[in-house]
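Comments concern the structure below.
The values are calculated or read from the model by the stated rules, or taken from the named source; none is laboratory data. Not measured: the values here are computed from a predicted model. Positions of Cβ are backbone-derived with ideal geometry, glycine not excepted, and every protein chain shown enters the neighbour counts.
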Amino acid sequence: MNEVKTIVANIKKGIIVPIYFLMGEEPYFIDIVSDYIEDHVLQEDQKGFDQIVLYGQDVSVPTIIDYARRFPMMSDHQVIIVKEAQNLKSTIDQLVPYVENPTPTTVLVFCYKYEKLDARKKLLKTLQKNKDCVLLESKKLYENQIATWLPDVLKKKHLSIQPKAIQMLVDFLGTDLSRIQNEVNKLALIVPENTEVTPDIIEKNIGISKEFNNYELKNAIAVHDMYKITRILKHFADNPKDNPLVMTLTVLYGYFQQLLGFHGLTDQSEKNVMATLKVPIFGIKDLRSGAQYYPMKRVSAIIATLREIDLKSKGLGATNNLTEADLRKELIIMLSAQ
């Protein structure tokens, strides 16, 4: 995240390099940098002459180099953005000679999404050595990092957010930053500036029930409140469209994996738990509580059962046609066992 801020800040100052190679599993940060370059390096009246967007599935590396060797017509730079550049993976090393000697008046941007360059590729080593290149590896954020990132995003829109509301969003949307950003954009259009986003606001405007959601399910599991667990899972069964089983399984699997890791820690201080397990500070309470109700051996058995239920939900390993309701009952049985 800090690297992205630095890249954007440098562009604002006019510090622009000939090559930006943006790669990695998280497309959100790649889009942030690429969109900023596309929107701000050239003036609007210059873009028609000196800015072009190419797509990896439609062009070859030699063609991209041909474009990059041209000179700008109406401005100091020409901007070339290659989207979906991962489609050039098999021939990407053909870019090496250009990276070794880039055209200084060209700003060439590669959006290499969902993966990173093979470490054995000569291109990666060449990019790393060249001071005229910015190489960004955009990594997926852990849950605790989203707890830091999301308030920053909202702050730019003059909003703040409560920790429980953050967890509701993460449990509902996962760690997909683009989806979270889309929901934040919707909220910014609806709620007044300087509003603190609460679970009530999330429930009203995003459609996540503040009482029946995966966050509350996780809280109930942490204190082994079987009445509440059963109520929530019954609500999920009655409203499967809003509460897909796959999301519930993902949240539960993540929680019990963290709990297994927590059991294995000698140092269970807040600082070490956050650093080792990538858990936000407000998630530690559920681990401490859960550790009292679910010893390590039981946690391992629950994880194994969750895997079985996941396979059954995909039609694998089931002896008959099980419905989602049947599988949710299995969850209740699994959690109620002592």
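Summary table
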quantity	calculated
Test for ASP66: is it farther than 19 Å from ILE16 by Cβ and in a helix (DSSP H, G or I)	yes
Enumeration of residues in the stretch 204-230 that are surrounded by 18 or more Cβ atoms within 10 Å (Cβ to Cβ) and part of a helix (DSSP H, G or I)	ILE206, ASN214, TYR215, GLU216, LEU217, LYS218, ASN219, ALA220, ILE221, ALA222, ILE229
Residue within the stretch 254-265 that is surrounded by fewer than 19 Cβ atoms within 10 Å (Cβ to Cβ), of a type outside the set (Gly, Ala, Ser), at pLDDT 95 or above and under 30 Å from ALA325 (Cβ atoms) present	yes
Scope the stretch 282-306; condition assigned to a helix (DSSP H, G or I) and free of Cβ contacts under 8 Å to residues at least 40 places away in the same chain; matching residues	ILE284, ARG288, ALA291, GLN292, MET296, LYS297, ARG298, ALA301, ALA304, THR305
Index of the failed condition, LYS241 passing every other in (1) assigned by TED's automatic domain parsing to the domain that holds THR323; (2) in contact (Cβ under 8 Å) with a residue 12 or more places away in the chain	(2)
Residues (modelled with pLDDT under 90 and either buried (at least 18 other Cβ atoms within 10 Å of the Cβ) or at positive phi (or both)) located in the stretch 116-143	GLU143
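Conditions tested, residue by residue: (1) assigned to a helix (DSSP H, G or I); (2) closer than 21 Å to LEU287 by Cα; (3) touching a helix residue (DSSP H, G or I) at 6+ places or on another chain (Cβ under 8 Å).
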{"residue": "SER178", "(1), (2), (3)": "yes, no, yes"}
{"residue": "ASN182", "(1), (2), (3)": "yes, no, no"}
{"residue": "LYS186", "(1), (2), (3)": "yes, no, yes"}
{"residue": "LEU189", "(1), (2), (3)": "yes, no, no"}
{"residue": "ILE232", "(1), (2), (3)": "yes, yes, yes"}
{"residue": "LYS241", "(1), (2), (3)": "no, no, no"}
{"residue": "MET247", "(1), (2), (3)": "yes, yes, yes"}
{"residue": "LEU252", "(1), (2), (3)": "yes, yes, yes"}
{"residue": "LEU260", "(1), (2), (3)": "yes, yes, yes"}
